[in-house]
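**Q** Before I ask anything, let me first share the structure, which is written out below as structure tokens.
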Amino acid sequence: MMTIDYESLTRDLIARTEQAVEAVAHLAVDSQITFKIDDVVDAVERALPAGYPAPTTGETTRRDVITQMAQDILSGEMYSEA
């Protein structure tokens, strides 16, 4: 049975989400098209390698986690001191 390093997985998913937010933001500015959080989530999910871990307990999906991360990045909450 494979052990998952959840801290590293979380940091990786945050980095992937930050990259997607930046890419979508640049595209929005360049194209003058308004994008939604779902567009960021879709970009992250499309770029994930096959077999990328997803939550296995509870009702929270990986998409839910990415959505919350994207919202926290865009609001700045991700970077505020706790």
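The values are calculated or read from the model by the stated rules, or taken from the named source; none is laboratory data. Source: prediction; values computed, not measured. For neighbour counting, all protein chains shown are included, and Cβ atoms are generated from backbone atoms with ideal geometry for every residue, glycine included. Note: accessible area is taken over every heavy atom of the protein model, side chains too, but ligands, DNA and RNA are not part of it. Shrake-Rupley method; radii C 1.70, N 1.55, O 1.52, S 1.80 Å.
**Q** Give the residues of region 62-76 that are over 12 Å from the mean Cα position of the chain (by Cα) and hydroxyl-bearing (Ser, Thr, Tyr), sorted by residue number.
**A** Ser75
**Q** Can you tell me how many residues in region 61-70 are modelled with pLDDT under 95 and either loosely packed, with under 13 Cβ neighbours inside 10 Å or among the small types (Gly, Ala, Ser) (or both)?
**A** Residues flagged as modelled with pLDDT under 95 and either loosely packed, with under 13 Cβ neighbours inside 10 Å or among the small types (Gly, Ala, Ser) (or both) within region 61-70 amount to 1.
**Q** Hey, among the residues in region 71-82 that are closer than 17 Å to Thr10 by Cα and in contact (Cβ under 8 Å) with a residue 12 or more places away in the chain, which one's most open to solvent (accessible area, probe 1.4 Å)?
**A** Per the criteria, the residue is Gln71.
**Q** How about region 1-50: which of its residues are modelled with pLDDT of 90 or more, over 10 Å from the mean Cα position of the chain (by Cα), surrounded by fewer than 12 Cβ atoms within 10 Å (Cβ to Cβ) and of a type outside the set (D, E, K, R)?
**A** Selection gives Ser8, His26, Val29, Ser31, Gln32, Ile33, Thr34, Pro49, Ala50.
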